[in-house]
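Undergrad: Starting off with a structure, shown below.
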There are 2 protein chains.
Amino acid sequence: MQFTLEARSKNARAATIKTAHSTIKTPVFMPVGTIGSVKSLDAEDVLNLLGAEIILANTYHMYLRPGDKVVAKMGKLHNFTKYPKSFLTDSGGFQAFSLSDISKPMENGIEFRSHIDGSKHFFTPKKVIDIQTNLGSDIMMILDDLVALPATQERIKVSIERTTAWAQESIDYFRSQQAKGICVDQNIFAIIQGGTDKAFRKKSATELCAMDYDGFAIGGLSVGELNKEMYDTVEHTVQYMPEDKPRYLMGVGTPEDLIENIERGVDMFDCVMPTRNARNGTLFTSFGRINIKGAKFKEDTSPIDEECQCLTCKTYSRAYISHLFRSKELTYFRLATIHNLHYYLNLMREVRAAILEDKFAEFKEEFYRKRS
Amino acid sequence: MQFTLEARSKNARAATIKTAHSTIKTPVFMPVGTIGSVKSLDAEDVLNLLGAEIILANTYHMYLRPGDKVVAKMGKLHNFTKYPKSFLTDSGGFQAFSLSDISKPMENGIEFRSHIDGSKHFFTPKKVIDIQTNLGSDIMMILDDLVALPATQERIKVSIERTTAWAQESIDYFRSQQAKGICVDQNIFAIIQGGTDKAFRKKSATELCAMDYDGFAIGGLSVGELNKEMYDTVEHTVQYMPEDKPRYLMGVGTPEDLIENIERGVDMFDCVMPTRNARNGTLFTSFGRINIKGAKFKEDTSPIDEECQCLTCKTYSRAYISHLFRSKELTYFRLATIHNLHYYLNLMREVRAAILEDKFAEFKEEFYRKRS
């Protein structure tokens with residue numbers, strides 16, 4: 001993986017990440033493709049209508065179904081899903097923690113039961129690397145020890161110590177595998193933990209960033225804390241992260257969250273928000289959110305967002321989209337998803353252009369002005 | 001509407017129908033777009049991936065939601081849905097009959113309650129023409145008096161007498177509206193009833209075909225009768241239908257049904273089968289049906305149908321499609337629908353080519369040979 005920092009506008013950064021499968025321009029938002037498909041879209045949509053250079057797939061889901069060995073046999077994620085650009089896969093730890101009926105973080109890993117059939121499984125740092133090797137993701141994430149917030153200081157302490165220990169085990173194993181010619185085209189990121197506690201975040205960041213990772217993520221945020229706490233934690237943590245490697249804020253967030261965290265030096269984001277909200281009727285626009293349920297849209301011949309160039313806005317009226325929504329028509333989900341993801345990806349293209357011209361502050365001001 | 005009969009191969013016909021919005025080459029299968037969208041597809045898909053020149057929309061559904069007056073205000077069906085080719089709309093009678101909690105066929109029309117909110121409505125021959133005028137369909141269907149099969153001779157007798165009386169009322173009203181400059185670009189088809197009784201079918205066909213309609217449909221079949229009864233009824237009824245107008249068999253059917261009825265002189269078909277079956281996992285291929293649920297497809301790298309040129313078959317493996325199906329992923333519905341409709345539309349293109357070369361018999365033989 002090649003990381004080139006191209007410009008900075010205050011702390012906001014524009015960079016290029018080159019993987020074996022694509023060239024990713026940052027800041028970047030990665031659409032979530034949980035089971036190897038961005039919900040309601042196909043690979044052609046993601047490529048041609050959104051122009052996404054990287055999407056996320058969930059290790060937990062792909063491991064349980066169809067199984068990482070099946071994916072490997074089918075030519076790994078890229079050939080199985082026919083999305084030829086980059087994949088980032090999470091470690092599966094978050095889903096094992098949040099979706100499983102029983103999930104036990106233990107000294108050596110996380111024990112959990114499948115949400116599909118109740119079968120028992122055990123994720124260890126090495127096991128999730130093996131799974132992600134089978135998946136063939138361009139960027140894999142290590143297993144980390146998550147804690148639900150709020151948590152006691154003692155539990156957070158255990159979490160970051162365990163995360164550091166697992167990170168050491170992970171990087172040693174990953175590099176030794178590469179030395180054997182395995183997963184040579186893949187990259188690996190560590191995940192900084194520590195809740196909203198500044199001392200713990202510093203300790204976790206300092207310990208992990210001393211290791212030979214290709215990039216670093218900030219995990220354990222967007223779990224119910226106040227926006228200000230999230231922004232402060234990111235601002236604080238970024239200080240201890242290297243300049244010459246990508247910074248990824250996991251599971252974030254609203255358009256406002258993206259802008260605020262880009263300002264604090266984050267390069268990469270993922271979130272189910274644009275896709276999930278689309279399905280619930282919430283559409284993002286340059287002037288804020290609308291809910292297509294509203295009766296006022298029933299005879300509205302204008303597009304969702306006059307400024308938007310997506311297929312949905314170029315073709316259909318709010319009246320038609322709201323009719324599809326009311327009728328619970330399958331077509332609705334795809335058209336709304338295309339719009340929301342296009343909004344997110346286009347916002348990232350625009351903010352990047354502003355950073356390259358050293359006009360991030362002006363961009364941010366205009367971004368908020370439009371939605372006030 | 002301009003109807004040109006181009007070729008005949010035994011009784012199978014190839015014709016061209018020119019409406020104000022498109023040129024339709026027959027035999028034609030019309031995808032069903034109940035509420036103004038073919039389930040899971042958008043207008044661009046229907047145009048670009050399927051090349052459909054005509055789709056069907058349901059008068060009952062559009063009348064109840066968003067309302068035919070709303071559709072008229074939004075620029076009628078073509079502008080509301082952005083599908084610019086031809087629309088055929090049914091009369092709404094069938095849905096009033098089958099979907100409504102209460103439905104009463106009466107001397108002057110059909111009383112029913114909305115399946116959405118229970119509100120009471122009354123469809124008359126004139127009312128459904130007014131609704132379809134608002135919808136702006138290229139081909140509208142008249143209100144007919146449906147009977148569930150099996151039915152008594154007495155009930156079928158009432159049905160065809162009432163259907164004839166309504167047909168006379170409909171055509172008089174429609175032509176008088178046209179004389180006033182209303183619905184001048186629209187066309188109207190009558191619907192022959194009579195169950196599987198040959199005398200009743202002859203009577204109904206003879207009476208209706210004497211009227212000034214643009215085309216004629218055979219209704220009241222594909223309601224549970226044996227295949228042979230359907231084919232025999234069509235073969236019998238077609239004799240009393242004019243050569244120089246389109247013949248439409250409503251609500252039919254399987255690929256085999258299409259071939260059999262084309263052989264008997266039918267030009268137009270519609271059915272929810274390719275779209276509904278796609279959603280349930282049944283996929284049509286040149287060698288018969290498969291159910292993608294089957295465990296054998298889990299690691300099958302071949303396309304659904306090696307001979308198929310649809311987006312789904314050109315891009316994705318059975319393994320991936322079966323994974324999407326198992327995961328109940330929204331993406332599955334669109335990819336399966338694209339395949340099934342492409343299969344149906346392509347079958348019609350192939351049978352048309354065979355008729356133009358006077359090789360229908362050879363085509364039919366090969367069609368059955370492949371699936372034996």
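Undergrad: Identify all residues within the range A:307-324 that are in contact with a helix residue (DSSP H, G or I) (Cβ under 8 Å, 6 or more places away or on another chain) and more than 11 Å from chain B (Cβ to nearest Cβ); write none if there are none.
TA: A:Cys308, A:Gln309, A:Cys310, A:Cys313
Undergrad: Out of the residues in the range B:1-23 that are aliphatic (A, V, I, L, M) and open to solvent by 10 Å² or more (accessible area, probe 1.4 Å), which is nearest to A:Thr337 (Cα to Cα)? Spell out the reasoning first.
TA: Taking the range B:1-23 as the starting set, the residues that turn out to be aliphatic (A, V, I, L, M) are B:1, B:5, B:7, B:12, B:14-15, B:17, B:20.
If we keep only those that are open to solvent by 10 Å² or more (accessible area, probe 1.4 Å) as well, we get B:1, B:5, B:7, B:20.
Working: B:Met1: 39, B:Leu5: 44, B:Ala7: 46, B:Ala20: 34 Å.
For the range B:1-23, the residue satisfying everything is B:Ala20.
Undergrad: Right, something else. Find the residue count for the range B:101-110, including only residues that are in contact (Cβ under 8 Å) with a residue 12 or more places away in the chain and either within 14 Å of chain A (Cβ to nearest Cβ) or charged (D, E, K, R) (or both). Give the steps one after another, and end with the answer.
TA: Taking the range B:101-110 first, the residues in contact (Cβ under 8 Å) with a residue 12 or more places away in the chain are B:101, B:105, B:107-110.
Filter again for either within 14 Å of chain A (Cβ to nearest Cβ) or charged (D, E, K, R) (or both), leaving B:101, B:107.
Going through the range B:101-110 one residue at a time, the tally reaches 2.
Undergrad: With respect to the numbered conditions (1) within 13 Å of another protein chain (Cβ to nearest Cβ); (2) over 22 Å from B:Leu88 (Cα atoms); (3) among the hydrophobic types (A, V, I, L, M, F, W, C), which one is the sole condition not fulfilled by B:Ile338?
TA: Against the list (1) within 13 Å of another protein chain (Cβ to nearest Cβ); (2) over 22 Å from B:Leu88 (Cα atoms); (3) among the hydrophobic types (A, V, I, L, M, F, W, C), B:Ile338 comes up short only on (2).
Undergrad: While we're here: Could you pull out every one of the strands (runs of 3 or more DSSP E) wholly within the range B:1-100 that has 2 or more residues that are within 14 Å of chain A (Cβ to nearest Cβ)? Even if it seems obvious, please write down each step before you answer.
TA: Working: elements: B:2-9, B:12-18, B:23-25, B:28-30, B:54-57, B:86-89.
Ranges flagged: B:54-57.
Undergrad: Right, something else. Taking A:Ile116, is it out of contact with any Ser or Thr (no Cβ under 8 Å at 6 or more places or on another chain) and either buried (at least 17 other Cβ atoms within 10 Å of the Cβ) or of a type in the set (A, V, I, L, M, F, W, C) (or both)? First the steps, then the outcome.
TA: Numbers: out of contact with any Ser or Thr (no Cβ under 8 Å at 6 or more places or on another chain): yes; either buried (at least 17 other Cβ atoms within 10 Å of the Cβ) or of a type in the set (A, V, I, L, M, F, W, C) (or both): yes.
Yes.
Undergrad: Based on what the data block shows, is A:Gly224 of a type outside the set (Val, Ile, Thr), open to solvent by 60 Å² or more (accessible area, probe 1.4 Å) and on the phi > 0 side of the Ramachandran plot?
TA: yes
Undergrad: Oh, and also: Being more than 20 Å from the chain's Cα centre (by Cα), at pLDDT below 95 and open to solvent by 10 Å² or more (accessible area, probe 1.4 Å): is that true of B:Asp212 here?
TA: In short, no.
Undergrad: Tell me which of these A:Asp144 doesn't satisfy, since it passes every other one: (1) closer than 27 Å to A:Ile54 by Cα; (2) in a helix (DSSP H, G or I).
TA: Answer for A:Asp144: the failing condition is (2).
Undergrad: So which of A:Thr59, A:Thr26 ends up being open to solvent by less than 10 Å² (accessible area, probe 1.4 Å), within 17 Å of A:Leu341 (Cα to Cα) and touching a residue at least 60 places away in the same chain (Cβ under 8 Å)?
TA: Details: A:Thr59 fails: within 17 Å of A:Leu341 (Cα to Cα).
Exactly one of A:Thr59, A:Thr26 is open to solvent by less than 10 Å² (accessible area, probe 1.4 Å), within 17 Å of A:Leu341 (Cα to Cα) and touching a residue at least 60 places away in the same chain (Cβ under 8 Å), namely A:Thr26.
Undergrad: OK, next. Output the residues belonging to the range B:69-105 that are open to solvent by less than 70 Å² (accessible area, probe 1.4 Å), in contact with an Asp or Glu (Cβ under 8 Å, 6 or more places away or on another chain) and closer than 18 Å to B:Ile116 by Cα.
TA: B:Val70, B:Gly93, B:Ser103
Undergrad: Within the range B:109-141, can you find the residues that are of a type outside the set (Ser, Thr, Tyr) and part of a helix (DSSP H, G or I)? Outline the logic, then answer.
TA: As a first pass, look at the range B:109-141 and keep what is of a type outside the set (Ser, Thr, Tyr): B:109-113, B:115-118, B:120-123, B:125-132, B:134-136, B:138-141.
Scanning the range B:109-141 gives B:Pro125, B:Lys126, B:Lys127, B:Val128, B:Ile129, B:Asp130, B:Ile131, B:Gln132, B:Asn134, B:Leu135.
Undergrad: Something else: Within the range A:294-301, is even one residue in contact with a Pro (Cβ under 9 Å, 6 or more places away or on another chain) and over 19 Å from B:Lys82 (Cα atoms)?
TA: Just the residues of the range A:294-301 that are in contact with a Pro (Cβ under 9 Å, 6 or more places away or on another chain), to begin with: A:298-299.
Filter once more, so that each one left must be over 19 Å from B:Lys82 (Cα atoms): none.
So far as the range A:294-301 goes, no, none of its residues is in contact with a Pro (Cβ under 9 Å, 6 or more places away or on another chain) and over 19 Å from B:Lys82 (Cα atoms).
Undergrad: Sort out which residues of the range A:163-189 are among the charged types (D, E, K, R) and either more than 23 Å from the chain's Cα centre (by Cα) or open to solvent by less than 10 Å² (accessible area, probe 1.4 Å) (or both), and write them in order of number. Quick ask: steps written out before the conclusion?
TA: Taking the range A:163-189 first, the residues among the charged types (D, E, K, R) are A:169, A:172, A:175, A:180, A:185.
Answer for the range A:163-189, where residues must be among the charged types (D, E, K, R) and either more than 23 Å from the chain's Cα centre (by Cα) or open to solvent by less than 10 Å² (accessible area, probe 1.4 Å) (or both): A:Glu169, A:Asp172, A:Arg175, A:Lys180.
The values are calculated or read from the model by the stated rules, or taken from the named source; none is laboratory data. Since we're looking at a predicted model, the values are computed, not measured. Neighbour counts are summed over all protein chains in view; Cβ atoms, including those assigned to glycine, are modelled from backbone coordinates with ideal geometry. Areas reflect the complete protein model, heavy atoms only, side chains present, ligands, DNA and RNA absent. Shrake-Rupley method; radii C 1.70, N 1.55, O 1.52, S 1.80 Å.
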